[in-house]
């Protein structure tokens, strides 16, 4: 019997994943070796649900359609449908448990938010409209009254903040490696003399991986996943668990510690610990990045460092659009939105948040929240829209990506809506 289609939906929880979700739906946030949405789609396909559609904010629809060809975006369902929250993270056996609950007509709820539910053809269309309306108004996603509601199975988690993704990343990487072992891997890497591999049975290679002289892969502490065309330059070291995205480069002498996920076409140097980089980003020089999350098209100037531990060893508080939040974490670093950049020698305090397309420079530590389109670290400095777009076009062209009208609309919308913070 064929399985019903699935809609992976975004809800108002995207606001808590600021600043990365200013420019992407929540299900496009990276964790482990993929994004939340692509991970869910692969899991569902493996369970016999081949069709996965997507629901996101109207502003993002053309960007999501471009990134997900072959998936219907913001199309109402035409029959029985399974709805899956795009912030859902399923580890271990939790997918099987969730699917069993669906067969019993029970909706899964986490933190009072709908996670997974299956609705009949008569109910699915109305619920889709409710989700769309709630998303655009910022209201919480509803739960249908017709279904019994149950709590989450073990290892089913709902991502609420970016630091959740950073904290859970080692567990996700372990889970992704177990999944990857069941699928064919690529060729053996091209190893220059002096390159070393430790714990090779815990490393997954895709095609075209190159290890230069003196480079080291150490998967004894955790698995390592290397995407297509990855290059590990001279004397660079990767300690697992870690995932290096396709066509990324680790610069000479880079030190990559456990819990690191790098998206595609990323260039990384210096010291990186327990951090996630969305992709198409540059941190080519020395400097420390720890317990951090960097958006796409970002660039850290030489010597940029972030603190991820307070001197008094107390939990870190982080700015959010809804007020400061106590993370409960002793280790918490930098959260940098898409297209933002730092000058050489920039130093960030623990739990600093930088919005979209900000240029950070100046003496001392920047404030704990640097708004989108800021110019420098002083209050009131603004990055001109025409200059921001000009720079973004140049940056994207260097990666052979052309800025499209939808990208310009996104820039203009974020610029307008962030004006009150600058």
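The values are calculated or read from the model by the stated rules, or taken from the named source; none is laboratory data. The structure presented is a predicted model; accordingly, all values stated were derived computationally and were not measured. Note: ideal-geometry Cβ built from the backbone for every residue, glycine included; neighbour counts use all protein chains shown.
Structure values in brief
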{"quantity": "Test result for residue 15, assigned by TED's automatic domain parsing to the domain that holds residue 124 and either assigned to a loop (DSSP other than H, G, I, E, B) or more than 13 Å from residue 87 (Cα to Cα) (or both)", "calculated": "no"}
{"quantity": "Where a residue in region 248-262 is at positive phi and its partner, wherever it lies, is modelled with pLDDT of 95 or more and not in a strand (DSSP E or B), with Cβ under 6 Å and at least six apart", "calculated": "253/235; 259/169; 259/170; 259/274"}
{"quantity": "Condition check for residue 203: in contact (Cβ under 8 Å) with a residue 12 or more places away in the chain, over 27 Å from residue 38 (Cβ atoms) and surrounded by 13 or more Cβ atoms within 10 Å (Cβ to Cβ)", "calculated": "no"}
{"quantity": "Within region 148-162, considering residues that are over 22 Å from the mean Cα position of the chain (by Cα) and surrounded by fewer than 20 Cβ atoms within 10 Å (Cβ to Cβ), the one nearest to residue 328 (Cα to Cα)", "calculated": "154"}
{"quantity": "Long-range neighbours under 6 Å by Cβ, at least six apart or interchain, first residue free of Cβ contacts under 8 Å to residues at least 24 places away in the same chain within region 118-137, second surrounded by 12 or more Cβ atoms within 10 Å (Cβ to Cβ)", "calculated": "130/142"}
{"quantity": "Check on residue 115, crowded, with 20+ Cβ neighbours inside 10 Å and either in contact with a strand residue (DSSP E or B) (Cβ under 6 Å, 6 or more places away or on another chain) or closer than 28 Å to residue 19 by Cβ (or both)", "calculated": "yes"}
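To keep it simple, each residue is scored yes or no on (1) at pLDDT below 90; (2) on the phi > 0 side of the Ramachandran plot; (3) part of a helix (DSSP H, G or I).
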residue	(1), (2), (3)
139	no, no, no
146	yes, no, no
149	yes, no, no
166	no, no, yes
171	no, no, yes
176	no, no, yes
184	yes, no, no
